[in-house]
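Everything below concerns the one structure shown next.
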Amino acid sequence: METTAKKKIFDLNTALGCKRLLAVLVAVMLVCSLFAQLLTTDGGRIKVENISIDARGAVLEGELFYPVGTTDEDKYPAVVIVPGAGVIYAQMRSFAQELAKRNYVVFNINAYGSGASETPVYNENDQGILEYNIFGTPMGCLDAVDFVRTLQFVDQENIGVMGHSQGSRRSGYAALMDCGYYTLNDILLTVLNEKLGVEISAADIEKNADDIAAERLDESGLNAYNILKEQETQNYNTMIRSACLVGSTAEYVNPTAVVTVAGHEVTRSCQVNLCIINGTFDYGYVGFNTSEDLKNAWYIAPEDEVVQGAYYSLNDAAGANEIIGTYRQDTAADNQALADAIRNRTLRTVLLTNETHSKEFFSNQTTAMVIDYFNQTLSADPARAVTDPGEMTFMWREAFNFVALLAMVAMLVPIVRLLAMTRKYQPCVSGRATIPAARNQKLGNILVVVGTILLNGAAIYFGNAQKAPFTFTASGFFPLMITCWAPIYFLEWLAIFGAVIALAYTLVTSSFASLKAFVKEMFTCGPKIILKDLGIAAVFVAAAYLMMSLTRYLFYQDFRLWMVMFSPLTADQWLIVARYALLILPFMFVTNLATNYLSDMTIGKKGTTLDVVITVALAVAGVWALCGITHIVDYSGMMPGKSVTSFLLTYGAVLFLPILTFVSRKAYQLTKTVWVGTFVNTILMAWMLVCMSGTNGSYVPQTWITNFLG
């Protein structure tokens, strides 16, 4: 009796059972978000605020982390963090969360055109509509640094920037624009020459400006020099002190340049302490760690090796370098040469992590390395050389966010059942005819299993290679960055290979009539029912968005894991979602047709739960196997310098494919039509692509819609 009662608690055949299940899922989302917030805020010791600044007629969105109880008497080091292409600031929260726990002020931003950040007509280096180039601009990073400088509790002499991939270009460019190539002595020599009329010879260029001033200026001139020196020194000391570039070739901030000092040409490095961190299996970037470009910039002889983890101090005057210590062994607290290099902005180091490109921003190891570098160069904790990766807690926060995401997706079940019980939507649940027995069923089953595993693996392989039967480019109508196309190409291959497997199955089992009948049934319901199915999908997505908004309001959390996430969108962005949904819809429809037809024919007589489990497992087996093989080959060193396939843009697919398959199969079980699952999956995928990929691949102006609706 007790067992029977328990089974009836979540009886999906009753409205009460559906409501109970929905209530439990809502509770799971809220409780998981609560625990995620406790981890984000270090048990309430870190304050996190959503910040929007408007430096140039366009909103720049970010999140500000700083210790609770901060006053304007405090002075904390600060770091501005910039995400790469195809991700937003939520993906960089690992660094922000862990740095903030260690008494940093962190401004974690979405670059212009990413997330809810708008695109200004002109950005920091005056790129406008005609000259727009995302690879040569800070894209809001320098504006974010300027905002941090207004905070009274920030130590203005210890501000750093960091970014990953495209974000490393943006943060590196910000450091270049802010710091330039002139040493403080160069600046003072130019002051002596241009403002106080002191002749500076070529032999004087590397002399101390103070000594020249004392020798050649009278008392009034020396007083004027000291006033100007104080001003220039303050400006110099408040420039960005340290840059940490992850997954980068540091193409803007690293090379030397020829500049003019007091009328004489000299070679100088950018005046910022620089750390470059690349992954051992980040094949697009790891080669830079020993490249000729790096050697030239750091005055390393061509025949010499670049020492990974060495602390280099550059000497531009001599065109030389000196190794003054080792990362994680020497500290600025006990190594005076290291402390001097940091103060003089001549420190350079290049590091390796045991990661791939996309794993670098989802890594305990990389996060700990970033902390250790900033502890030294921003004087945060210079006596501590090593942070244990085991101290990181952001992975637990990600786990809670992921459980909340799964609960959000699971809401589909009670919502569809509740709607199907109403008079309006009851016609959307159709009755399927009995599936006829097929010939050669065992052979057909083997074909489906083997074909699905192999061809879904091939689908992700071709998607990773940016190969597709239908290719697209960014445009005014499809404005997302190139990072959105790989998942779409993957979906195209899934649709094509799904159709191939379905046709092959019908040939082997002589069941073409059943396939024809299945497809026909999906359309004979009529346009009104299809529109009502769209309505069901819209209700679910609205409920998901409502829950995301609620958890964000209460706990400042979202539904996410690594490269799968859902975040708030502006009105403009929902229009972009609609465009990409139209593009995705036919491929999603074919995929869902093939998935549900083959599942009906092969495992349809099994229990509904086992049916879903097997369907999802088959769909992801080939993709996960290829991903696993790739990592085994990488980490074993079997193919040094290259990989089986790059999951750079499709790690999200590894996580999102089982969700898509679950939605497809479960929605079909509940309605006996593929339309609800197709519409839900299409909207979810378009939503995810728009909120993550961003429109900063091309210039996208603001419109009245967002300006009016927000």
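The values are calculated or read from the model by the stated rules, or taken from the named source; none is laboratory data. Keep in mind it's a predicted model, so treat the numbers as computed, not measured. Note that each Cβ is placed from the backbone with ideal geometry, even for glycine, and that neighbours are counted across all protein chains shown. The protein model used for the area step is the full one, side chains on, heavy atoms only, and it has no ligands, DNA or RNA in it. Shrake-Rupley method; radii C 1.70, N 1.55, O 1.52, S 1.80 Å.
Helical runs (DSSP H, four residues minimum) scored at -39500 (n - 2.57) apiece and divided by the length of the chain put the mean residue ellipticity at 222 nm at -16500 deg cm²/dmol. Full extension of the chain between Leu575 and Ala458 gives 38.9 nm of extra length, using 0.36 nm per residue less the Cα-Cα distance. With 0.36 nm allotted per residue and the present C-alpha distance subtracted, the Ser549-Leu531 stretch has 3.8 nm of extension available. Listed here are the pairs Lys442/Lys528; Lys516/Lys606; Lys8/Lys606; Lys295/Lys642; Lys442/Lys672; which of them are more than 29 Å apart at the Cα? Beyond 29 Å: Lys442/Lys528. Largest first, the residues Ile705, Ile632 sort by 1.4 Å accessible area into Ile632, Ile705.
Label point of Phe477 set 7 angstrom out along Cα-Cβ; within region 566-582, amide nitrogens under 13 Å from it belong to 579-582. Rounded to the nearest 10 degrees, the inclination of helix 571-603 to the longest alpha-carbon principal axis of the chain is 40 degrees. The candidates Thr70, Thr682, Thr608, arranged from most to least accessible area with a 1.4 Å probe in the full protein assembly, appear as Thr608, Thr70, Thr682.
Region 267-325 and region 26-56 have Cα centres lying 38 Å from one another. Relative to the current alpha-carbon distance between Glu157 and Val386, full extension at 0.36 nm per residue lengthens the span by 80.1 nm. For Thr353, the amide hydrogen comes within under 5 Å of the amide hydrogens of Asn278, Gly279, Thr280, counting only partners 5 or more places away or on other chains and with H modelled in the peptide plane. If R0 equals 25 Å, the separation of the Cβ atoms of Val307 and Thr238 corresponds to a calculated FRET efficiency of about 0.20. Each label point was placed 7 Å from the Cα along the Cα-to-Cβ direction; for Leu443 and Lys75 their separation is 8.2 nm. Applying a DSSP loop filter and a limit of 16 other Cβ atoms within 10 Å to the GluC sites (Glu not before Pro) in region 91-164 leaves Glu131. Rounded to the nearest 20 debye, the dipole size of region 460-572 about its Cα centre is 180 debye, using +1 on the Cβ of Lys and Arg and -1 on the Cβ of Asp and Glu. Among beta bridges identified by DSSP and lying wholly in region 189-327, the antiparallel ones come to about 70 percent. Please find the FRET efficiency linking Met421 to Lys606, where r is the Cβ-Cβ separation and R0 is fixed at 25 Å, and quote it to the nearest 0.05. With a Förster radius of 25 Å, E is 0.45.
For the peptides 305-311, 556-562, 471-477, residues were scored by their other Cβ atoms within 10 Å and the scores averaged per peptide; the highest-first order is 556-562, 305-311, 471-477.
Heavy-atom accessible area for Leu709, with the other protein chains in place and a 1.4 Å probe, reaches approximately 120 Å². For region 13-71, applying the loop criterion from DSSP together with a ceiling of 14 other beta carbons within 10 Å to the GluC sites (Glu not before Pro) yields no site.
Ligands, DNA and RNA excluded, the heavy atoms of Ser220 present near 80 Å² of accessible surface to a 1.4 Å solvent probe. By the scheme Lys and Arg +1, Asp and Glu -1, what is the net charge of all other residues having a beta-carbon under 14 Å from that of Pro479? It works out to a net charge of -1. Pairs of Cα atoms nearer than 8 Å and 6+ residues apart set the relative contact order; for the chain it is 16 percent. Note that region 361-494, at 4 °C in a medium of 1.567 mPa s, gets a Stokes-Einstein diffusion coefficient of 61 µm²/s from its Kirkwood radius over C-alpha pairs. Spatial offset of region 209-233 relative to region 58-82 amounts to 36 Å, using the alpha carbon center of each. Annotation: Leu38 carries an accessible surface of approximately 80 Å², with a 1.4 Å probe and no ligand, DNA or RNA atoms counted. Computed from the Cβ-Cβ distance with R0 of 60 Å, the FRET efficiency linking Asp218 to Tyr122 stands at 0.85. Going by accessible surface with a 1.4 Å probe and the largest first, Ile446, Ile9, Ile205 read Ile446, Ile9, Ile205.
Inter-label distance, Ile632 to Ser201: 7.2 nm, where each label sits 7 Å from its Cα along the C-beta direction. Ranking Gly287, Gly390, Val350 by how far each Cα lies toward the positive end of the dipole of region 274-406 (charges on Cβ) leaves Gly390 at the top. Between the alpha-carbon centres of region 508-557 and region 633-650 there is a gap of 37 Å. Sparsely packed loop sites in region 610-672 (the trypsin sites (Lys or Arg not before Pro) outside DSSP H, G, I, E and B with at most 16 other Cβ atoms within 10 Å) comprise Lys642. Entry comment: accessible area of region 75-158 is 26 Å² per residue, from protein heavy atoms only and a probe of 1.4 Å.
Per residue, region 170-321 exposes 41 Å² of solvent-accessible protein surface, assessed with a 1.4 angstrom probe and all protein chains in place.
Each DSSP beta bridge with both residues in the chain is either parallel or antiparallel, and the antiparallel ones are about 55%.
With all protein chains in place and a 1.4 Å probe, the accessible surface of the chain carries 61 percent carbon and sulfur. Its residue count N sets the reference 2.2 N^0.38 Å, and the alpha-carbon radius of gyration of region 172-217 equals 1.32 times that reference.
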